[in-house]
Structures are given as C-alpha cells and as structure tokens.
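The values are calculated or read from the model by the stated rules, or taken from the named source; none is laboratory data. Since this is a predicted model, take the numbers as computed values, not measurements. Every residue, glycine among them, receives a Cβ derived from its backbone with ideal geometry; neighbour counts consider all protein chains shown. Just so you know, the surface numbers come from the protein's heavy atoms only, side chains and all, with ligands and any DNA or RNA stripped out. Shrake-Rupley method; radii C 1.70, N 1.55, O 1.52, S 1.80 Å.
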Amino acid sequence: DGSSDTQISSDSVSWLTLTSDGKIKYSTDYEAGMKSNSYTINADGSGKVDNNEMILDIFPIPEVKGSDGRIYYVQHESDTVEYAGLYVREEGQGVEEGTQILKALVDSFVIEGDWLIVSVRETEGEMVFRMKYDGSDKSRLFESYGCSLTQGSDGTLYFVNESDGRLIYKMSASS
C-alpha cells in the first residue's frame, strides 16, 4: 500500500538484492564498465559488512512466475524488440512470444499476490506503482523513483530511493 517508507542506510547505492538469509546486499558507486564496492546489511540497516568484492556488472532483472502461472519479464528496445516494457508469456513460450502489458522503461518489478509492483523511469513518469497482472488498477505507491525493487519474505519492499541520494528504503507493499 506504499505506507511506512523508511530510510535504512546512509550509503549512496546503485542496486540491491535480498540474500537467502534475508540480508540486503548492495553495491555503491556503480558506473557502466567501472567497478563498485559490495556490502551486506541486516534488513533493519544494522550490521554493515564489507563483502570485499568488486561488482563489475549491473544487477539483472529476473523473470518471475505469477500466481496465475504465467511468466513476467522486462524487455528493453533492441533490434528484435520494438518497445521497452513489462511483458508476460505462458510457461514454455519464448520471450519473443510474450505480450506487452506495460510500455515503459522498467527498472525492476516484483510480484505481491495478485499485484505487479513496478519501478519505471519514462512513460508513466518516475515512480513506483502497483497494477493488476493485466495492467489495470494502477496506483502509485511511491512518489519518486525507486529502483532495484526487491521483496522480503514478509512482503516488505526494499528499494534504492534515487530521489533521496540513492539511499536504501523499505516500505509495506501490500494493504
């Protein structure tokens, strides 16, 4: 529902993900082709650990299986894809067989129950919003640009708040 957004780190972050043990792994100072530092913190922002590793590539956007059994994924414009956006396909189909459900430059997305929670930069403006699987019932969750969306097992949404110095935030994703 977008409530309880809370800053949990003062580092300027390029991307983040959740580890299997519920900690937040993130990189700082990422620039294309350059190295960035990697750290891990607890979900409440405490216990920062330097992972002593350098990240060379940006965080990929994974395909996600929805509760409807279909596969949701992001495509960027290329020689074979005319429009960047969020796509859906049946399991077993190739990515070229998918259907676009949102035309926008999607940074990342997660699935929460029957909702897609999406971070976009262009067509819809810079924001985090949620929508039904078919693209209907859009509602804004976060007024600014939040990238690298990832979700904890309790439904908490973690993201990099681009509008606030690339700090890590968390908020409730469901009502």
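Things to note:
- Strands (runs of 3 or more DSSP E) contained in segment 101-169 and holding at least 2 residues farther than 14 Å from Val74 by Cβ: 127-132, 139-142, 146-151, 156-161
- Close Cβ contacts (under 9 Å, 6 or more residues apart or on different chains) running from residues in segment 88-100 that are closer than 16 Å to Val64 by Cβ and part of a loop (DSSP other than H, G, I, E, B) to residues that are open to solvent by 60 Å² or more (accessible area, probe 1.4 Å) and at pLDDT below 90 comprise Glu90/Glu97; Glu91/Lys65.
- Only one of the numbered conditions (1) modelled with pLDDT under 80; (2) over 30 Å from Gln93 (Cβ atoms); (3) open to solvent by 80 Å² or more (accessible area, probe 1.4 Å) is not met by Pro60, and that is (2).
- Single unsatisfied condition, Gly66 versus (1) open to solvent by less than 50 Å² (accessible area, probe 1.4 Å); (2) touching a His at 6+ places or on another chain (Cβ under 8 Å): (2)
- Scan of segment 8-36 for residues that are modelled with pLDDT of 80 or more and open to solvent by 70 Å² or more (accessible area, probe 1.4 Å), ordered by number: Ser10, Asp21, Lys23
- Scanning segment 133-175 for residues that are among the small types (Gly, Ala, Ser), buried (at least 21 other Cβ atoms within 10 Å of the Cβ) and either more than 15 Å from the chain's Cα centre (by Cα) or within 15 Å of Thr28 (Cα to Cα) (or both) yields a total of 1.
- Of the criteria (1) modelled with pLDDT of 85 or more; (2) within 18 Å of Asp164 (Cβ to Cβ); (3) open to solvent by 70 Å² or more (accessible area, probe 1.4 Å), which one Lys48 fails: (2)
- Residues of segment 110-123 that turn out to be open to solvent by 10 Å² or more (accessible area, probe 1.4 Å) and either touching a residue at least 40 places away in the same chain (Cβ under 8 Å) or basic (Lys, Arg) (or both), as a count: 7
- Any hit, segment 102-121, residues being farther than 30 Å from Ile41 by Cα, at pLDDT 85 or above and more than 17 Å from the chain's Cα centre (by Cα): no
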